[in-house]
Amino acid sequence: MNGVRRYDEITSELDPPFAVVDLDAFDHNAADLARRAGGRPIRVATKSVRCRYLLERVLRTPGFAGLMCYSLAEALWLHRAGLSDDVLVAYPTADRAALRELAANPAAAASIAVMVDSVEHLDLIDAALGATAGSARHDIRLCIEVDASWRPLPGLHVGPRRSPVHTVTQARRLTQLVLRRKGFHLVGLMAYEGQIAGLGDAPGGQPLKAAALRWMQQRSAAELAERRAAVVRAVRALAPLEYVNGGGTGSLERTAAEPAVTEVAAGSGLIGPTLFDCYQAFRPRPAVLFALPVVHRPAARIATVFSGGYPASGPIGADRVPAPCSPSGIRLLATEGAGEVQTPVVGEAARRLRLGDRVWFRHAKAGELAERFAHYHLVAADRLAATVPTYRGEGRSFG
């Protein structure tokens with residue numbers, strides 16, 4: 001059996017809509033990420049997976065260590081489940097209940113670090129825990145996020161807008177303020193270069209855009225490597241650090257090669273969504289797909305499937321909608337796109353589709369599909385190995 005047709009045979013007893021995970025592709029992608037990281041440990045970005053079984057599976061893969069969560073409540077849940085005692089929450093939190101739970105649990109407090117980029121974050125944490133700056137009795141592990149964007153000219157910002165800490169001076173000053181505050185323990189630095197790690201440098205059929213992206217990424221990476229090293233030196237002169245985290249799936253080799261970086265992060269590369277089809281240096285295998293049933297035949301060259309309106313987050317565009325991948329030769333109908341309860345597909349291949357047939361899709365982003373399906377059906381070789389819950393299937397949603 002070849003390609004997606006293999007999934008049709010393996011899952012013939014299942015009624016769509018449903019999603020499958022190809023474990024062979026998932027394991028291949030994990031091994032390739034570890035190879036690309038060149039010995040640097042990879043912290044798993046949970047938002048790109050959102051399935052406990054898959055997180056446990058990748059953490060057993062050599063080269064992976066620790067979790068990078070997107071929510072403190074998620075981090076506490078995964079820690080309670082025993083997945084890892086090394087957890088970094090990649091985004092600052094305003095969840096007072098989760099902060100109270102963290103402070104009240106010594107094991108969790110010793111394992112989970114929360115992200116900060118300002119003194120206001122310290123004030124918020126103190127307030128949530130009923131403390132003042134001088135009377136805190138908690139011991140919260142902190143990681144400072146350093147802005148990794150490229151600013152080649154005054155007023156020009158290239159990259160995600162994540163942190164006000166951009167310069168060595170700003171990082172040193174915030175470190176000094178953190179060290180003066182009772183109740184906090186600085187353990188790490190993080191800088192995520194989304195303009196490199198999250199932008200494919202080989203968009204199909206757009207050679208000028210590809211050249212411009214590579215030019216930008218090369219110069220941004222050179223600037224960041226120098227600035228990140230200086231920031232790390234300045235902070236380490238004030239406090240020992242357990243880790244310096246950087247990178248993402250799209251920049252593993254480049255970031256891992258920086259001496260100042262002690263670990264990298266990755267998650268999307270495990271899944272292989274469509275947004276990661278356009279990188280020059282690597283190509284993950286598609287590991288997660290979903291099937292939708294044909295429910296209408298409104299015209300000879302059009303078949304309409306049930307559901308499918310699963311757009312990805314980010315700027316609105318054609319690259320954010322699910323992509324039909326089987327049968328080959330079909331595409332979304334431009335005037336309707338992917339709809340909440342029905343999605344027309346058009347093309348010569350649509351002529352052969354009958355009611356009840358399946359159309360297979362890939363999502364644009366890695367983890368967001370798990371918010372749509374309660375379970376993933378696991379395919380291994382030529383068999384259906386198991387069915388496991390996603391976060392949604394376990395009654396959890398942290399977004």
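Of all residues being farther than 26 Å from F398 by Cβ and under 28 Å from the mean Cα position of the chain (by Cα) in region 359-382, which is modelled with the lowest pLDDT? Just the residue, please. So that I can check it myself, show each step before the final result.
Step one: list which residues in region 359-382 are farther than 26 Å from F398 by Cβ, which gives 359-360, 379-382.
Cutting the leftovers down to under 28 Å from the mean Cα position of the chain (by Cα) gives us 359-360, 379-381.
Details: V359: 97, W360: 97, V379: 97, A380: 96, A381: 90.
Only one residue tops the list, namely A381.
Can you tell me which residue is farthest from the chain's Cα centre (by Cα) among those in region 262-278 that are in a loop (DSSP other than H, G, I, E, B) and at negative phi?
T262
Mind checking whether some residue in region 250-257 is open to solvent by less than 60 Å² (accessible area, probe 1.4 Å) and in contact with a Pro (Cβ under 8 Å, 6 or more places away or on another chain)?
The answer is no; no qualifying residue exists.
State whether one or more residues within region 75-91 are open to solvent by 10 Å² or more (accessible area, probe 1.4 Å), in contact with an Asp or Glu (Cβ under 7 Å, 6 or more places away or on another chain) and either part of a strand (DSSP E or B) or closer than 27 Å to V231 by Cα (or both).
The answer is no, given that none of the residues of region 75-91 is open to solvent by 10 Å² or more (accessible area, probe 1.4 Å), in contact with an Asp or Glu (Cβ under 7 Å, 6 or more places away or on another chain) and either part of a strand (DSSP E or B) or closer than 27 Å to V231 by Cα (or both).
Would you point out the residue of region 279-329, among those that are among the polar types (S, T, N, Q) and within 25 Å of the chain's Cα centre (by Cα), that is modelled with the lowest pLDDT? Spell out the reasoning first.
Filtering region 279-329 down to residues among the polar types (S, T, N, Q) leaves 280, 304, 307, 313, 326, 328.
With within 25 Å of the chain's Cα centre (by Cα) added as a condition, the list becomes 280, 307, 313.
Numbers: Q280: 89, S307: 95, S313: 92.
Per the criteria, the residue is Q280.
Please enumerate the residues belonging to region 235-249 that are of a type in the set (G, A, S) and open to solvent by less than 10 Å² (accessible area, probe 1.4 Å). Before the answer, list the steps.
Going residue by residue through region 235-249, those that are of a type in the set (G, A, S) are 237, 239, 246-248.
A239, G246, G247, G248 - these are the residues of region 235-249 that are of a type in the set (G, A, S) and open to solvent by less than 10 Å² (accessible area, probe 1.4 Å).
Report the residue count in region 297-312 for those that are open to solvent by 50 Å² or more (accessible area, probe 1.4 Å) and within 24 Å of E371 (Cβ to Cβ).
The total comes to 2.
Hey, A107 hits all of (1) assigned to a loop (DSSP other than H, G, I, E, B); (2) surrounded by fewer than 13 Cβ atoms within 10 Å (Cβ to Cβ) but one; which does it fall short on?
For A107, the failing item is (1).
Got a sec? Which of V264, V288, V294 is surrounded by fewer than 22 Cβ atoms within 10 Å (Cβ to Cβ) and either over 21 Å from G247 (Cβ atoms) or touching a Pro at 6+ places or on another chain (Cβ under 8 Å) (or both)?
It is V294.
Confirm whether S313 is under 19 Å from R5 (Cα atoms) and polar (S, T, N, Q).
Numbers: under 19 Å from R5 (Cα atoms): no; polar (S, T, N, Q): yes.
Answer is no for this residue.
Given L332, L384, L369, which one is more than 23 Å from F276 (Cα to Cα) and in contact (Cβ under 8 Å) with a residue 12 or more places away in the chain?
L384
When region 11-54 is examined, which residues are found to be surrounded by 20 or more Cβ atoms within 10 Å (Cβ to Cβ) and in a helix (DSSP H, G or I)?
Once the filter is applied, which keeps residues that are surrounded by 20 or more Cβ atoms within 10 Å (Cβ to Cβ) and in a helix (DSSP H, G or I), region 11-54 yields F26, N29, A30, L33, A34, R36, A37, T46, K47, S48, R52, L54.
Is there any pair linking a residue in region 79-91 that is basic (K, R) to one that is surrounded by fewer than 18 Cβ atoms within 10 Å (Cβ to Cβ), with Cβ under 9 Å and at least six apart or on different chains, and which?
Here the result reads R80/N105, each pair linking region 79-91 to a residue that is surrounded by fewer than 18 Cβ atoms within 10 Å (Cβ to Cβ).
For the structure I just gave you, tell me whether L67 is in a strand (DSSP E or B) and in contact (Cβ under 8 Å) with a residue 12 or more places away in the chain.
Criteria met by L67.
The values are calculated or read from the model by the stated rules, or taken from the named source; none is laboratory data. Here the structure is a predicted model, which means the values were calculated and not measured. Cβ: placed from backbone, ideal geometry, glycine included. Neighbour counts: every protein chain shown. The accessibility values were calculated without ligands, DNA or RNA, using every heavy atom of the protein model including side chains. Shrake-Rupley method; radii C 1.70, N 1.55, O 1.52, S 1.80 Å.
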